[in-house]
1. Could you tell me which numbered condition residue 195 fails, if it satisfies all but one of (1) more than 20 Å from residue 230 (Cβ to Cβ); (2) surrounded by fewer than 19 Cβ atoms within 10 Å (Cβ to Cβ)?
2. Determine, yes or no, whether residue 123 is within 30 Å of residue 267 (Cα to Cα), of a type outside the set (Gly, Ala, Ser) and either touching a His at 6+ places or on another chain (Cβ under 9 Å) or in contact (Cβ under 8 Å) with a residue 60 or more places away in the chain (or both).
3. I need a count of the residues in segment 169-208 that are of a type in the set (Gly, Ala, Ser) and assigned to a strand (DSSP E or B).
4. Of the residues 190, 224, which single one is surrounded by 14 or more Cβ atoms within 10 Å (Cβ to Cβ) and either within 22 Å of residue 162 (Cβ to Cβ) or in the same structural domain as residue 163 (by the TED database) (or both)?
5. Which count do you get for residues in segment 180-209 that are among the aliphatic types (A, V, I, L, M) and in contact (Cβ under 8 Å) with a residue 24 or more places away in the chain?
6. Taking the conditions exactly as written (in contact with a strand residue (DSSP E or B) (Cβ under 8 Å, 6 or more places away or on another chain) and not aliphatic (A, V, I, L, M)), does residue 114 satisfy them or not?
7. Could you list all residues from segment 143-155 that are part of a helix (DSSP H, G or I) and surrounded by fewer than 13 Cβ atoms within 10 Å (Cβ to Cβ)?
8. If I go through segment 324-340 residue by residue, how many of them are open to solvent by 10 Å² or more (accessible area, probe 1.4 Å) and either at pLDDT 90 or above or more than 20 Å from residue 117 (Cα to Cα) (or both)?
Amino acid sequence: MTADATPALVEDEQRTAAGPRVRRSSAYPRYLAGKVAGAAVSLLAVLVTSFFLFRLIPGDPVKTMTGGRQVSAEQLAAYREEFGLDLPLWRQFTDYCGKALTGDFGTSYQFRAPVVDKITEALPNTLLLTGTAFVLYTALGIFLGTRSAWRHGKLGDRVNTGLALTLYSIPSFWLGLLLIIVLSVGIGPLPGMFPTGGMESGGEEGFAYVLDVAHHLVLPVVTLVAVEYGQTLLVTRSALLDEMGSDYLTTARAKGLRDDLVRRRHAVPNALLPTVTLIFINLGRTVAGVILVETVFSWPGLGGLFYQALSVPDLPLVQGLFFVFAAAVILMNTLADLVYPLLDPRVAR
């Protein structure tokens, strides 16, 4: 081999070695673009679905707004013209889509206020309730899930798993009503200790107001935590059990590491990938709120607002809330898809 040929071979080897790096570096942008495009299509589908779905609800929203009072045909026609219900369906659809793309979901029939204003007014209350519950049931589920997996087959594992499955299968509204009967109304010698509903008693200020809201928050948060923590526990436990037979854990033990260090430093971080996806999904649901729990406890959040809007039906408010609920879940799922390859690069290949 001549000396002149050597640089060419070196350059070919460098190009060959650089090729896979280029392909690997371009894999994530393509993956990112695909997920973002899928989210955009899903949001568009939600926008269309939210318009047609709720028009299948029986009832005339204009007659419902009159509260059963005697109203002339001219007044009903004026109401329909005010809210655009006299227009052809295709015209209502195009107007709705055009305004929704600019963030305008119309005016609520029953509140006579912009839908966006009603949503932003109720959103902090929902985030307070579901956000508090989310932090608690996620931490509890991960903690108990890792403990159960590390001691699988023992009494603690059987008790934790059985209790989680039982509570996870209980309807949240039924558990909420049961807690109200036992801990709010009182039963037998047990007096009522918590409010039956609402967010505040009224008339409190400063730190007393914070304590009052926290007092009202206890039962709905306990209901959500009891029903939701089981899913995180079971996913974490299953993922950790799959990791426990891995060779790298045997190597870590052979090096003399304590059992708790092997679990915390090696097993749990690798087993949390499925749990991360579940956390993002649950995070999207915190914005959607929990309609049944908020309704049972008369919590003034998005879920209770959605229930009120359905009873009319208040079409602009129902459509706006439905879009916000679905968009929160879609965006959080997309974010989970984008974060997952950073934790496990094999996903984007």
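The values are calculated or read from the model by the stated rules, or taken from the named source; none is laboratory data. None of the values given here were measured: they were computed from a predicted structure. Positions of Cβ are backbone-derived with ideal geometry, glycine not excepted, and every protein chain shown enters the neighbour counts. Keep in mind that these areas ignore ligands, DNA and RNA; they rest on the heavy atoms of the full protein, side chains included. Shrake-Rupley method; radii C 1.70, N 1.55, O 1.52, S 1.80 Å.
1. That leaves (2) as the condition not met.
2. Details: within 30 Å of residue 267 (Cα to Cα): no; of a type outside the set (Gly, Ala, Ser): yes; either touching a His at 6+ places or on another chain (Cβ under 9 Å) or in contact (Cβ under 8 Å) with a residue 60 or more places away in the chain (or both): yes.
No; evaluated as a whole, the condition is false for this residue.
3. Our first condition is that a residue be of a type in the set (Gly, Ala, Ser); within segment 169-208, this holds for 169, 172, 176, 184, 186, 188, 192, 197-198, 201-203, 206, 208.
Checking which are assigned to a strand (DSSP E or B) leaves us with 186.
So the answer is 1.
4. 224
5. 3
6. yes
7. Of segment 143-155, the ones part of a helix (DSSP H, G or I) are 143-150, 155.
Correct list: 155 only.
8. Final tally of qualifying residues: 11.
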